[in-house]
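Scroll down for the structure; my scribbles are underneath it.
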Amino acid sequence: MGQRIAIRDAVNVALQTLQDYTLIAPGTTDEIPESSLPALVVGFATEATQHELYGGSERQLEITVAAVVKSRGDVYAALDRAAADIESALTDNTLGGAERFLLSQTQFALDTEQPLGEVRLIYAASYSTGA
């Protein structure tokens, strides 16, 4: 198993402590049934690589954790609560064997036709590969 998968799997395990959410398999968040909301989806965004002179590489993997919520009230409050829940579950700065695992960005999106929202937290996971 590669380091990317180990980090992703560790994120999934940490998120399983959030009992109010359904953990959805990676893929699009467009087809999540309403009965599964609120839902969490974990995936990869990008991975930057710097090669070392004598082999190996330093890697910066972006892991995304998206929460999809439905709210009859203040959808922003529901998104803020979901973001706080995710952050509370992902406090280990070496999650999955990463040298550094830190939140780098949070994005919000609303579906104006329905009371749905998505908050996407992007975590930067740094790790090295051997020569």
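I need the peptides 37-44, 84-91 ranked by packing, meaning the mean over residues of other C-beta atoms within 10 angstrom, with the highest value on top. Let's see the in-between values first.
Values: 37-44: 19.5, 84-91: 16.1.
Top to bottom by mean Cβ count within 10 Å: 37-44, 84-91.
Among Asp80, Asp20, which comes first, then next, by fewest other beta-carbon atoms within 10 Å?
On the way: Asp80 15, Asp20 8.
Listed from fewest to most nearby Cβ atoms, that is Asp20, Asp80.
So, by mean Cβ neighbours within 10 angstrom, what's the order for 108-117, 95-104 with the highest one leading? If you can, show how the numbers build up before the last one.
Working: 108-117: 13.1, 95-104: 16.7.
Going from most to least packed, we get 95-104, 108-117.
For the ranges 56-63, 45-52, 2-9, 69-76, what's the packing order if you count other beta-carbon atoms within 10 Å of each residue, average per peptide, and put the highest first?
On the way: 56-63: 17.1, 45-52: 11.4, 2-9: 15.2, 69-76: 13.8.
The peptides rank, most packed first, as 56-63, 2-9, 69-76, 45-52.
Please give the calculated 222 nm ellipticity per residue for the chain, where each DSSP H segment of at least 4 residues contributes -39500 (n - 2.57) and the sum is spread over every residue; nearest 500 deg cm²/dmol?
-7000 deg cm²/dmol
So if I take the alpha carbon set of region 1-64, get Rg, then get Rh from the Kirkwood formula, what is the Rg over Rh ratio? Walk me through the intermediate numbers first.
Numbers: Rg = 15.2 Å, Rh = 13.7 Å.
Using only Cα positions, Rg/Rh for region 1-64 is 1.11.
Express in % the proportion of alpha carbon pairs of the chain at distances exceeding 21 Å. Could you put the intermediate results ahead of the total?
Numbers: 3504 of 8515 pairs.
Cα-Cα pairs in the chain separated by more than 21 Å: 41 percent.
Tell me, Thr17, Thr94 in order of fewest to most beta-carbon neighbours within 10 Å? Provide the component values of the computation, followed by the final result.
Values: Thr17 10, Thr94 13.
The order, fewest Cβ neighbours first, is Thr17, Thr94.
Bear in mind that the values in this text are calculations on the coordinates, not laboratory data. Worth saying up front: this structure is predicted, and the values here are computed from it rather than measured. Every residue, glycine as well, gets a Cβ built from its backbone with ideal geometry; the counts of neighbours run over all protein chains shown.
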